[in-house]
1. Whole percent per 10 Å bin, from 0 to the bin with the longest distance: what is P(r) over all C-alpha pairs of region B:14-148?
2. Using a 7 Å offset from Cα along the direction of the beta-carbon, what are the separations from A:Arg89 to the same position in each other copy, nm, ascending?
3. Could you tell me the calculated FRET efficiency between B:Gln130 and A:Thr104, based on Cβ-Cβ distance and R0 = 35 angstrom, to the nearest 0.05?
4. Sorted from fewest to most neighbouring beta carbons within 10 Å, what does the list B:Ile137, B:Ile53 look like?
5. Where the label is 7 Å out from Cα toward Cβ, how close does A:Ala116 come to the same position in every other copy, in nm, shortest first?
6. Scattering from the C-alpha atoms of region B:21-75 alone, worked out with Debye: what is log10 I(q)/I(0) at q = 0.27, 0.31 1/Å?
7. So what's the net charge close to B:Asp92: Lys and Arg +1, Asp and Glu -1, counting the other residues with Cβ under 12 Å from its Cβ?
8. Nearest-to-axis residue of chain B, judged by Cβ, for the B-to-A rotation, with distance in whole Å?
Protein chains: 2
Amino acid sequence: MSNSADSPNPPFVPNYLLYLLAAASEAASEHFHAHVRTRGLRVPEWRVMACLIDTDGSMVTELARYAMIEQSRLTKIIIQMDTRGLVTRRSDPKDGRRVRVFLTPQGRALADELVADAKIDEQELLRSFQGGQGPEIKQTLRALIEHLEFSQSEPAQRKTADAES
Amino acid sequence: MSNSADSPNPPFVPNYLLYLLAAASEAASEHFHAHVRTRGLRVPEWRVMACLIDTDGSMVTELARYAMIEQSRLTKIIIQMDTRGLVTRRSDPKDGRRVRVFLTPQGRALADELVADAKIDEQELLRSFQGGQGPEIKQTLRALIEHLEFSQSEPAQRKTADAES
DNA sequence: AAGAATTATATGAAAATTCATGTTTCTTGC
DNA sequence: GCAAGAAACATGAATTTTCATATAATTCTT
């Protein structure tokens, strides 16, 4: 009486795919995210920096997709990061609606450092997870993501009990 | 010019384990979470309900761990759900500090429905992902989570470049 | 059995997020 | 070339979330 599986039949949550994904993501990220905060960044800010390492000068909307942050939220985050001198915003000369975001030298220095740290953290994680299904996991996740992105454009699939009387 | 991998060397983000985990979680959840909102719940509320289906009457702290929600936030969410008649709070007679949370009949009805929907959604997801590494994924994730929970108690492991001059 | 320490939850103020919508700048069709 | 529409960002108010800490109820110490 007070086990993790109190119910008669097998528990739902710990076997539910979406829970497993969220829990794995959280558990795997916890350590490095703590490190990120140590360096004075919140996680969404780190995400922006990491994305800019790949695609410096991308526009806000692109960045939002890439960093998985909703646009208006990202705008506010970027403004803060601009104020702190981590990034710069320049409107695109070809298209005045677009705002292109760049790392400042200071921002790049920090981002470079954190990306290096992230790579080390990832290596340790994967290495310590060897023996089990360590190596495959990235492949599996990539496949899942691709599959999901595909079946998003492809409708007439998952319908989720339409609850219409 | 304007590819997803604009940089010379391979991009960091799309190959980074923590990104893959977060992206997979998001992509996989998107569809069902939209359904949850349709039913008038926000995602954290749904998580609470799902957890209570497994462990009705658990205390706030347990629920917080189980649902991966920070305690003070969970308290507020639960109070709202109480107000809406989805759950009830009773202090534990054995230990007056503890608050035990129960689904109301109404809450349970909704939770049952959504859990059923979730199971269907999960089945469709896994089925459509067959052929690829469909079946293994849950096992892999469980292994990763266990591994991480273990190496949390076991320190002297991952160190993340201590940046102390 | 009193006081200290600990555990469980609640609370409040500051900050972040969401959601709907405003503004500005292109695009397109006619 | 101009009006209508679309695209890209910004903004503001309402709501959530966070973080530190308060409060309350146990357990531990000696």
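1. 11, 36, 33, 17, 4, 0
2. 3.9
3. With a Förster radius of 35 Å, E is 0.15.
4. Going from sparsest to densest Cβ surroundings: B:Ile53, B:Ile137.
5. Those separations, rounded to one decimal, come out as 5.7 nm.
6. Here the Debye-derived log intensity ratios amount to -1.06, -1.12.
7. +4
8. B:Ser25, 2
Bear in mind that the values in this text are calculations on the coordinates, not laboratory data. Bear in mind the structure is a predicted one, so any value in this text is a computation, not a measurement. Cβ: placed from backbone, ideal geometry, glycine included. Neighbour counts: every protein chain shown.
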